[in-house]
Amino acid sequence: MRNQAFRLSKYPQGKFSMDILDMVPLPLPHFTEGEFLVMQTHMSLNPVMHAWLQQSKLNHAPPMQIGEILQSYGVGKVIESLNPDFPVGAQVVGLTGWSEYILGNADMYLMDSSLAPEAILSLFYFTGLTAYVSLFKLAQPQQGQTLVITDAASAVGSLLGQLGKANGLKVVGMTDSDEKCQWLMDEIGFDSAINKHTEHLEVHLKAAVPDGIDIFFENTDEPIQELIYPQMNTYGRVIVTDMPESQQHKSRHIPDLMQIQHKRLSIQGFEVSDYLDLMQESHCVLAEYLMQGKIKYQAHVIDGFENLPETLIQYFNHAAPMGKLIVRF
C-alpha cells in the first residue's frame, strides 16, 4: 500500500508558501502490542497549526522541527489492530500526522461509526471540548444572560453560540464579513451578528446588547475588545482562548483594570489541554445536542490528500471559511 506524507522542509517567512513542505513516501508503520494501524480519511485545519509551524517558544504549542511530518487533527478507520479496545473497522479521532496511514495508540478516541467524519472534526474532539468547557465549566451561564463571541464564524465560535442558544442565552457574534454575519443569524441561530469592519461599530454593539454583556468569549485580541469591556455587566465572565499566534507575542489591547475591579469581572485564561479528562463527557453531551437537532455544523471540504499544502495556504493566507476546513482523502 502507498503511504505518502508531508514533511516540514523549512519554516515559513511571512505568508505560507508551497515550498515549506515536501511530499515523501513512507513505509507503513510497524505496530506492536497495544497499537493499531489507521487509514486516515479526513484531516482538519486548525488555528494551532500556525504556532506549530513557527519557531515559537509557547509551552502549549511547541514548534515542529524541520524534517518532521506535519501534525493535524485527523479521523480514520482502524484496518489492523493489536489492541482489543480499538478493533478493526472502528472509527477514531486524534492528533495525527499528514500521512495516509498512521500508527494509532491509546491516546486516540473511539467515535460512533454513525457519526460523519466532518461532524467529528467540526463538533467533537478539541473543537467540542473547547466550547463545552468554556461555556459550561468556566462561564457558568444563566438563562437570559448575554454571550458575545469575537471570532463567531469559526468552528469553536459557532458551536459555542449554538450551545449558548440551547441553554437560554442571548448570543451576539462578531466576525469579519457581512456574509458570515448573515450565516450566523440565518443558519446558526445567533440573535445578532456584527461585522467588525463596519462603521460606527460601538453604536452597533450597544444596540445588540441593550442589557449589557455577561459572558465574553475572546479569541482574537483585536481592538473590538476595547468596546466590549465597557458593556460588561457586574460579575461578568471573560474566557480567553485560541489567541492567534501573531498576537501572542505582542498583545496590545489591555482591558481597563479599573473596570475589571469595579465590575468584579472574572477573566479566565483557558488551555484545552488542561481538560482532556473531560473529553468523553463532552462527547456524550454534544452527541445528545446533535441528536436533538440543537447544534449543527458547516464544513468546507477539499478532496485529495495531495491538496493539503494548498489548503493550508488558503487557511492562513486568506480569510478563513465559515465553520471547519477539512481535507478528505
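Please treat every number below as a calculation from the coordinates, not as lab data. This one's a predicted model, so the numbers in the text were calculated from it and none came from an experiment. Cβ placement follows ideal geometry from the backbone for every residue including glycine, while neighbour counts extend to all protein chains displayed.
Taking a ≥ b ≥ c as the square roots of the eigenvalues of the alpha carbon gyration tensor, the range 170-242 is rounded, as a/c is under 1.5. Based on alpha-carbon atoms, the Kirkwood radius and the radius of gyration of the range 18-125 give Rg/Rh equal to 0.98. Toward the positive end of the charge dipole of the range 1-145, with +1 on the Cβ of Lys and Arg and -1 on the Cβ of Asp and Glu, the farthest Cα among Leu28, Leu82, Leu8 is that of Leu8.
For the chain, the dipole from Cβ point charges (+1 on Lys and Arg, -1 on Asp and Glu) about the Cα centre works out to 400 debye, to the nearest 20. The sum of -39500 (n - 2.57) across all DSSP H runs of n ≥ 4, divided by the residue count of the chain, sets its helix-only mean residue ellipticity at 222 nm to -6500 deg cm²/dmol. Counting pairs of Cα atoms in the range 127-273, how many percent are more than 25 Å apart? Cα-Cα pairs in the range 127-273 separated by more than 25 Å: 19 percent. Ordering His262, Ala166, Gln182 by Cα displacement along the dipole of the range 127-273 toward the positive end leaves His262 in first place; charges were set at the Cβ atoms of Lys, Arg (+1) and Asp, Glu (-1).
Peptides 92-104, 119-131, 301-313 ranked from most to least packed, by the mean per-residue count of other Cβ atoms within 10 Å: 119-131, 92-104, 301-313.
The angle between the Cα long axis of helix 155-166 and the longest principal axis of the Cα atoms of the chain comes to about 50 degrees, rounded to the nearest 10.
A straight chain from Leu278 to Ile260 at 0.36 nm per residue would run longer than the Cα-Cα distance by 3.5 nm.
Contact order for the chain, expressed relative to its length and based on alpha carbon pairs under 8 Å spaced 6+ residues apart, stands at 17 percent.
Using Cα pairs under 8 angstrom and six or more residues apart, how large is the relative contact order of the range 68-176, in percent? Taking the mean separation of contacting Cα pairs over the length of the range 68-176, I get 19 percent. Label-to-label distance, Ser177 versus Met39, with points set 7 angstrom from Cα along the beta-carbon direction: 3.5 nm. Neighbour counts of other Cβ atoms within 10 Å put Asp176, Asp256 in the fewest-to-most order Asp256, Asp176. About the centre of its Cα atoms, the range 127-273 shows a dipole size close to 560 debye [charges on the beta carbon of Lys, Arg (+1) and Asp, Glu (-1) only; nearest 20 debye]. Counted by neighbouring Cβ atoms within 10 Å, the residues Leu265, Leu276 run from fewest to most as Leu276, Leu265.
Listed by Cβ neighbour count within 10 Å, with the fewest neighbours leading, Glu33, Glu68 appear as Glu33, Glu68. Evaluate the relative contact order of the range 127-273 (contact order divided by residue number), counting alpha-carbon pairs under 8 angstrom at least 6 apart; express in whole percent. Worked out over the range 127-273, it gives 21 percent. For Lys170, the lysines whose Cα comes closer than 20 Å to its Cα, not counting residues fewer than 8 places off in the same chain, are Lys137, Lys180, Lys196, Lys206, Lys294, Lys296. Below 17 Å, Cα to Cα, which aspartates and glutamates can Lys165 reach? Residues fewer than 8 away in the same chain don't count. Result set, ordered by chain and number: Asp151, Asp186, Glu187, Asp191, Asp211, Asp214, Glu288.
Distance from the C-alpha centroid of the range 193-232 to that of the range 100-114: 40 Å, rounded to the whole angstrom.
Amide H contacts for Ser177 (H built 1.01 Å from N in the peptide plane; partners 5 or more residues away or on another chain; cut-off under 5 Å): Lys196.
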